[in-house]
Amino acid sequence: MRGGIRIAALVLSAIGWASAPLGTSVASPQGSVVVRSLWSRALKHSVRTLVYLPPSYRPDGPPLPTLYLLHGTPGTPDSLFALGVPEQLDQLIESGGAPAMIVVAPSGGRRPESDTEWDDSVADAGARWGTFVTRDLVNAIDDDYATKPGRRSRAIAGISMGGYGAINLALGHSDRFGIAASWSGYFVSNTPDVDGPQGSSTWRARSPLLSVAQRAPTLRRQPVATSFYSGRADRFFAENVSFSETLTRLGIPHRFRAVAGGHDASVWRAQLTTELAWIGHEFQRASA
(Lines give C-alpha, C1' and ligand atoms only; values in the text may rest on other atoms or scores of the structure.)
Protein backbone atom coordinates (compact mmCIF):
# COMPACT_ATOMS: atom_id res chain seq x y z
CA MET A 1 0.00 0.00 0.00
CA ARG A 2 1.31 3.42 -1.01
CA GLY A 3 -0.20 6.91 -0.83
CA GLY A 4 -2.43 6.06 2.14
CA ILE A 5 -5.04 4.16 0.09
CA ARG A 6 -6.71 0.84 0.88
CA ILE A 7 -8.36 -0.81 -2.12
CA ALA A 8 -11.23 -3.24 -2.66
CA ALA A 9 -12.35 -4.22 -6.14
CA LEU A 10 -15.40 -5.58 -7.93
CA VAL A 11 -15.56 -6.42 -11.63
CA LEU A 12 -18.46 -5.52 -13.94
CA SER A 13 -18.83 -6.37 -17.60
CA ALA A 14 -17.88 -3.66 -20.08
CA ILE A 15 -21.28 -4.08 -21.75
CA GLY A 16 -24.18 -3.14 -19.52
CA TRP A 17 -21.88 -2.45 -16.58
CA ALA A 18 -23.85 0.57 -15.39
CA SER A 19 -26.94 -1.51 -14.61
CA ALA A 20 -25.15 -4.55 -13.17
CA PRO A 21 -25.59 -4.94 -9.41
CA LEU A 22 -22.54 -4.05 -7.36
CA GLY A 23 -20.64 -7.20 -6.52
CA THR A 24 -21.43 -9.21 -9.64
CA SER A 25 -18.78 -10.60 -11.98
CA VAL A 26 -19.72 -11.14 -15.60
CA ALA A 27 -17.37 -12.67 -18.15
CA SER A 28 -16.79 -10.39 -21.12
CA PRO A 29 -14.77 -10.78 -24.31
CA GLN A 30 -14.24 -7.02 -24.28
CA GLY A 31 -12.66 -4.67 -21.78
CA SER A 32 -13.83 -4.78 -18.18
CA VAL A 33 -14.81 -2.04 -15.74
CA VAL A 34 -13.67 -2.52 -12.16
CA VAL A 35 -15.29 -0.70 -9.23
CA ARG A 36 -12.70 0.35 -6.65
CA SER A 37 -13.38 1.47 -3.11
CA LEU A 38 -10.49 3.68 -2.03
CA TRP A 39 -9.61 4.98 1.40
CA SER A 40 -7.58 8.15 0.92
CA ARG A 41 -5.16 9.53 3.48
CA ALA A 42 -5.53 13.00 1.93
CA LEU A 43 -9.32 13.01 2.22
CA LYS A 44 -9.78 10.68 5.19
CA HIS A 45 -12.73 8.95 3.54
CA SER A 46 -13.35 6.41 0.82
CA VAL A 47 -13.69 7.36 -2.84
CA ARG A 48 -15.66 5.39 -5.43
CA THR A 49 -13.55 4.92 -8.56
CA LEU A 50 -14.09 3.11 -11.87
CA VAL A 51 -11.17 1.50 -13.71
CA TYR A 52 -11.37 0.40 -17.34
CA LEU A 53 -9.06 -2.49 -18.24
CA PRO A 54 -8.61 -3.23 -21.97
CA PRO A 55 -9.23 -6.73 -23.32
CA SER A 56 -5.52 -7.54 -23.50
CA TYR A 57 -4.74 -6.51 -19.93
CA ARG A 58 -3.00 -9.09 -17.76
CA PRO A 59 -1.54 -8.41 -14.30
CA ASP A 60 1.70 -10.08 -15.41
CA GLY A 61 1.53 -8.74 -18.97
CA PRO A 62 3.19 -5.76 -20.64
CA PRO A 63 2.75 -2.51 -18.71
CA LEU A 64 0.18 -0.10 -20.14
CA PRO A 65 -0.21 3.72 -20.16
CA THR A 66 -2.85 5.23 -17.89
CA LEU A 67 -5.50 7.89 -18.48
CA TYR A 68 -7.03 9.61 -15.45
CA LEU A 69 -10.50 10.88 -16.37
CA LEU A 70 -12.25 13.55 -14.26
CA HIS A 71 -16.00 14.20 -14.35
CA GLY A 72 -17.77 17.56 -14.14
CA THR A 73 -20.39 18.85 -11.72
CA PRO A 74 -22.98 17.55 -11.30
CA GLY A 75 -21.43 14.26 -12.27
CA THR A 76 -20.09 10.86 -11.30
CA PRO A 77 -17.60 8.37 -12.75
CA ASP A 78 -20.60 6.34 -13.91
CA SER A 79 -22.11 9.23 -15.90
CA LEU A 80 -18.71 9.85 -17.47
CA PHE A 81 -18.28 6.24 -18.57
CA ALA A 82 -21.91 6.17 -19.75
CA LEU A 83 -20.92 8.59 -22.52
CA GLY A 84 -19.34 5.53 -24.14
CA VAL A 85 -15.77 5.50 -22.84
CA PRO A 86 -15.40 1.68 -22.51
CA GLU A 87 -17.13 0.96 -25.82
CA GLN A 88 -15.18 3.59 -27.75
CA LEU A 89 -11.87 2.40 -26.35
CA ASP A 90 -12.71 -1.22 -27.18
CA GLN A 91 -13.29 -0.18 -30.80
CA LEU A 92 -10.25 2.10 -31.03
CA ILE A 93 -7.93 -0.52 -29.58
CA GLU A 94 -9.30 -3.24 -31.86
CA SER A 95 -8.91 -1.04 -34.95
CA GLY A 96 -5.43 0.17 -34.01
CA GLY A 97 -6.67 3.73 -33.50
CA ALA A 98 -5.28 3.76 -29.97
CA PRO A 99 -2.98 1.55 -27.93
CA ALA A 100 -4.32 -0.51 -25.05
CA MET A 101 -4.62 1.73 -22.00
CA ILE A 102 -5.98 1.73 -18.47
CA VAL A 103 -8.57 4.42 -17.67
CA VAL A 104 -9.19 5.56 -14.09
CA ALA A 105 -12.28 7.65 -13.26
CA PRO A 106 -12.54 8.70 -9.59
CA SER A 107 -15.41 10.45 -7.84
CA GLY A 108 -14.70 14.14 -7.41
CA GLY A 109 -16.78 14.84 -4.31
CA ARG A 110 -18.99 13.30 -1.68
CA ARG A 111 -22.10 14.05 -3.81
CA PRO A 112 -22.66 14.36 -7.57
CA GLU A 113 -23.26 18.11 -7.18
CA SER A 114 -20.06 18.74 -5.19
CA ASP A 115 -17.98 21.54 -6.72
CA THR A 116 -14.47 20.61 -5.60
CA GLU A 117 -12.56 21.96 -8.63
CA TRP A 118 -10.46 18.79 -8.25
CA ASP A 119 -8.13 20.80 -6.00
CA ASP A 120 -7.19 21.22 -2.35
CA SER A 121 -9.65 23.57 -0.66
CA VAL A 122 -8.31 26.71 0.99
CA ALA A 123 -11.34 26.70 3.33
CA ASP A 124 -11.55 23.00 4.28
CA ALA A 125 -8.29 21.30 5.24
CA GLY A 126 -9.93 17.89 4.85
CA ALA A 127 -11.03 18.44 1.24
CA ARG A 128 -7.68 17.77 -0.49
CA TRP A 129 -8.98 16.56 -3.83
CA GLY A 130 -5.91 17.64 -5.77
CA THR A 131 -3.60 15.71 -3.47
CA PHE A 132 -5.90 12.71 -3.69
CA VAL A 133 -5.55 12.61 -7.49
CA THR A 134 -1.90 13.55 -7.94
CA ARG A 135 -0.48 11.54 -5.04
CA ASP A 136 -2.82 8.94 -3.54
CA LEU A 137 -4.66 7.79 -6.64
CA VAL A 138 -1.65 7.70 -8.97
CA ASN A 139 0.44 5.81 -6.41
CA ALA A 140 -2.30 3.27 -5.76
CA ILE A 141 -2.93 2.57 -9.45
CA ASP A 142 0.79 2.26 -10.16
CA ASP A 143 1.10 -0.15 -7.22
CA ASP A 144 -1.87 -2.32 -8.10
CA TYR A 145 -1.76 -2.51 -11.91
CA ALA A 146 0.80 -3.16 -14.62
CA THR A 147 1.27 0.50 -15.57
CA LYS A 148 4.01 2.07 -17.65
CA PRO A 149 6.17 4.26 -15.46
CA GLY A 150 6.84 7.90 -16.19
CA ARG A 151 4.94 11.08 -16.91
CA ARG A 152 4.70 10.56 -20.67
CA SER A 153 2.75 7.35 -20.10
CA ARG A 154 0.32 9.12 -17.76
CA ALA A 155 -2.48 11.37 -19.10
CA ILE A 156 -5.18 13.37 -17.34
CA ALA A 157 -8.37 14.65 -18.99
CA GLY A 158 -11.86 15.71 -18.02
CA ILE A 159 -15.17 17.37 -18.83
CA SER A 160 -16.21 20.86 -17.65
CA MET A 161 -14.98 21.07 -14.02
CA GLY A 162 -12.94 17.97 -14.82
CA GLY A 163 -11.38 19.74 -17.79
CA TYR A 164 -10.38 22.63 -15.58
CA GLY A 165 -9.01 20.17 -13.02
CA ALA A 166 -7.07 18.20 -15.62
CA ILE A 167 -5.22 21.23 -17.00
CA ASN A 168 -4.73 22.84 -13.58
CA LEU A 169 -3.31 19.66 -12.03
CA ALA A 170 -1.13 18.84 -15.05
CA LEU A 171 0.40 22.33 -15.15
CA GLY A 172 1.14 22.17 -11.43
CA HIS A 173 2.37 18.57 -11.55
CA SER A 174 4.14 18.21 -14.88
CA ASP A 175 6.44 15.69 -13.20
CA ARG A 176 3.39 13.42 -12.85
CA PHE A 177 1.44 14.01 -16.08
CA GLY A 178 2.90 14.44 -19.55
CA ILE A 179 -0.45 14.65 -21.36
CA ALA A 180 -3.51 16.77 -20.46
CA ALA A 181 -6.84 17.44 -22.15
CA SER A 182 -9.84 19.63 -21.35
CA TRP A 183 -13.24 18.89 -22.87
CA SER A 184 -15.58 21.90 -22.56
CA GLY A 185 -13.54 23.08 -19.60
CA TYR A 186 -12.59 26.52 -18.30
CA PHE A 187 -9.32 28.15 -17.29
CA VAL A 188 -10.18 30.63 -14.52
CA SER A 189 -11.17 29.28 -11.10
CA ASN A 190 -14.80 30.01 -10.24
CA THR A 191 -15.17 28.42 -6.79
CA PRO A 192 -13.93 30.76 -4.02
CA ASP A 193 -14.49 28.15 -1.26
CA VAL A 194 -11.87 25.98 -2.96
CA ASP A 195 -9.37 28.32 -4.59
CA GLY A 196 -9.90 31.58 -2.72
CA PRO A 197 -11.73 34.78 -3.68
CA GLN A 198 -11.24 36.42 -7.04
CA GLY A 199 -7.99 38.41 -7.04
CA SER A 200 -6.33 36.38 -4.29
CA SER A 201 -2.92 34.78 -4.79
CA THR A 202 -4.36 31.25 -4.63
CA TRP A 203 -7.09 32.13 -7.15
CA ARG A 204 -4.49 33.44 -9.58
CA ALA A 205 -2.11 30.50 -9.04
CA ARG A 206 -4.95 28.02 -9.70
CA SER A 207 -6.31 29.76 -12.79
CA PRO A 208 -4.34 28.36 -15.75
CA LEU A 209 -5.16 31.35 -17.94
CA LEU A 210 -3.52 33.64 -15.36
CA SER A 211 -0.71 31.41 -14.07
CA VAL A 212 0.61 29.71 -17.22
CA ALA A 213 3.00 32.56 -18.00
CA GLN A 214 4.79 31.96 -14.68
CA ARG A 215 4.84 28.22 -15.36
CA ALA A 216 6.16 28.62 -18.93
CA PRO A 217 9.88 28.06 -18.11
CA THR A 218 9.02 24.77 -16.37
CA LEU A 219 6.72 23.73 -19.21
CA ARG A 220 9.44 24.38 -21.77
CA ARG A 221 11.81 22.10 -19.83
CA GLN A 222 9.12 19.53 -19.08
CA PRO A 223 6.44 19.87 -21.81
CA VAL A 224 2.88 18.71 -21.26
CA ALA A 225 1.12 17.66 -24.47
CA THR A 226 -2.01 19.80 -24.17
CA SER A 227 -5.33 19.61 -26.00
CA PHE A 228 -8.66 21.30 -25.39
CA TYR A 229 -11.89 21.97 -27.22
CA SER A 230 -15.02 24.03 -26.66
CA GLY A 231 -18.35 24.38 -28.38
CA ARG A 232 -18.79 27.73 -30.08
CA ALA A 233 -22.03 28.20 -28.13
CA ASP A 234 -20.41 27.18 -24.82
CA ARG A 235 -20.38 29.84 -22.09
CA PHE A 236 -16.66 29.11 -21.66
CA PHE A 237 -15.79 29.43 -25.36
CA ALA A 238 -14.18 32.89 -25.07
CA GLU A 239 -12.06 31.64 -22.16
CA ASN A 240 -10.86 28.71 -24.27
CA VAL A 241 -9.93 31.06 -27.11
CA SER A 242 -8.02 33.30 -24.68
CA PHE A 243 -6.12 30.35 -23.25
CA SER A 244 -5.13 29.21 -26.75
CA GLU A 245 -3.96 32.72 -27.64
CA THR A 246 -1.96 32.93 -24.40
CA LEU A 247 -0.22 29.60 -25.05
CA THR A 248 0.58 30.69 -28.61
CA ARG A 249 2.06 33.97 -27.36
CA LEU A 250 4.20 32.06 -24.85
CA GLY A 251 5.40 29.62 -27.51
CA ILE A 252 3.83 26.62 -25.79
CA PRO A 253 2.62 24.00 -28.31
CA HIS A 254 -0.99 22.90 -27.89
CA ARG A 255 -4.05 21.68 -29.78
CA PHE A 256 -7.28 23.71 -29.64
CA ARG A 257 -10.49 22.87 -31.48
CA ALA A 258 -13.63 24.99 -31.76
CA VAL A 259 -16.53 22.61 -32.34
CA ALA A 260 -20.26 22.89 -32.95
CA GLY A 261 -22.59 22.97 -29.95
CA GLY A 262 -22.77 24.21 -26.39
CA HIS A 263 -22.00 22.75 -22.97
CA ASP A 264 -23.78 19.40 -22.90
CA ALA A 265 -23.48 15.64 -23.28
CA SER A 266 -24.28 15.67 -26.99
CA VAL A 267 -21.02 17.55 -27.63
CA TRP A 268 -19.01 15.26 -25.36
CA ARG A 269 -20.35 12.12 -27.03
CA ALA A 270 -19.67 13.53 -30.49
CA GLN A 271 -16.04 14.38 -29.63
CA LEU A 272 -15.19 11.34 -27.51
CA THR A 273 -13.65 9.11 -30.17
CA THR A 274 -11.52 11.93 -31.58
CA GLU A 275 -10.23 12.91 -28.15
CA LEU A 276 -9.46 9.37 -27.00
CA ALA A 277 -7.63 8.76 -30.29
CA TRP A 278 -5.52 11.91 -29.71
CA ILE A 279 -4.54 10.71 -26.24
CA GLY A 280 -3.72 7.31 -27.70
CA HIS A 281 -1.54 8.97 -30.34
CA GLU A 282 0.37 10.83 -27.61
CA PHE A 283 0.92 7.57 -25.75
CA GLN A 284 2.29 6.04 -28.97
CA ARG A 285 4.62 9.02 -29.46
CA ALA A 286 5.95 8.49 -25.95
CA SER A 287 6.61 4.81 -26.70
CA ALA A 288 8.40 5.70 -29.93
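The values are calculated or read from the model by the stated rules, or taken from the named source; none is laboratory data. In this text, all values refer to a predicted model and were calculated from it rather than measured experimentally. Quick reminder, even Gly has a Cβ in these numbers, built from the backbone with ideal geometry, and neighbours come from all protein chains shown. Keep in mind that these areas ignore ligands, DNA and RNA; they rest on the heavy atoms of the full protein, side chains included. Shrake-Rupley method; radii C 1.70, N 1.55, O 1.52, S 1.80 Å.
Quick look at the values:
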{"quantity": "Candidates PRO223, PRO192, filtered to the one that is within 28 Å of ALA265 (Cα to Cα) and open to solvent by 10 Å² or more (accessible area, probe 1.4 Å)", "calculated": "PRO192"}
{"quantity": "Subset tally (residues that are open to solvent by 20 Å² or more (accessible area, probe 1.4 Å) and more than 17 Å from the chain's Cα centre (by Cα)) for region 257-288", "calculated": "13"}
{"quantity": "Test result for GLY72, among the small types (Gly, Ala, Ser), closer than 15 Å to GLY158 by Cα and either at pLDDT 95 or above or assigned to a helix (DSSP H, G or I) (or both)", "calculated": "yes"}
{"quantity": "Among (1) touching a Pro at 6+ places or on another chain (Cβ under 9 Å); (2) over 23 Å from ASP264 (Cβ atoms) - the single one ASN168 does not satisfy", "calculated": "(2)"}
{"quantity": "Test: ALA216 is small (Gly, Ala, Ser), in contact with a helix residue (DSSP H, G or I) (Cβ under 8 Å, 6 or more places away or on another chain) and surrounded by fewer than 23 Cβ atoms within 10 Å (Cβ to Cβ)", "calculated": "yes"}
{"quantity": "Residue in region 207-217 that is touching a residue at least 60 places away in the same chain (Cβ under 8 Å) and not in a helix (DSSP H, G or I) present", "calculated": "no"}
{"quantity": "Odd one out for ALA9 among (1) open to solvent by less than 20 Å² (accessible area, probe 1.4 Å); (2) closer than 26 Å to ARG151 by Cα; (3) modelled with pLDDT under 95; (4) in a strand (DSSP E or B)", "calculated": "(1)"}
{"quantity": "Count of residues meeting criterion [out of contact with any Asp or Glu (no Cβ under 6 Å at 6 or more places or on another chain), open to solvent by less than 10 Å² (accessible area, probe 1.4 Å) and not in a loop (DSSP other than H, G, I, E, B)] in region 37-56", "calculated": "6"}
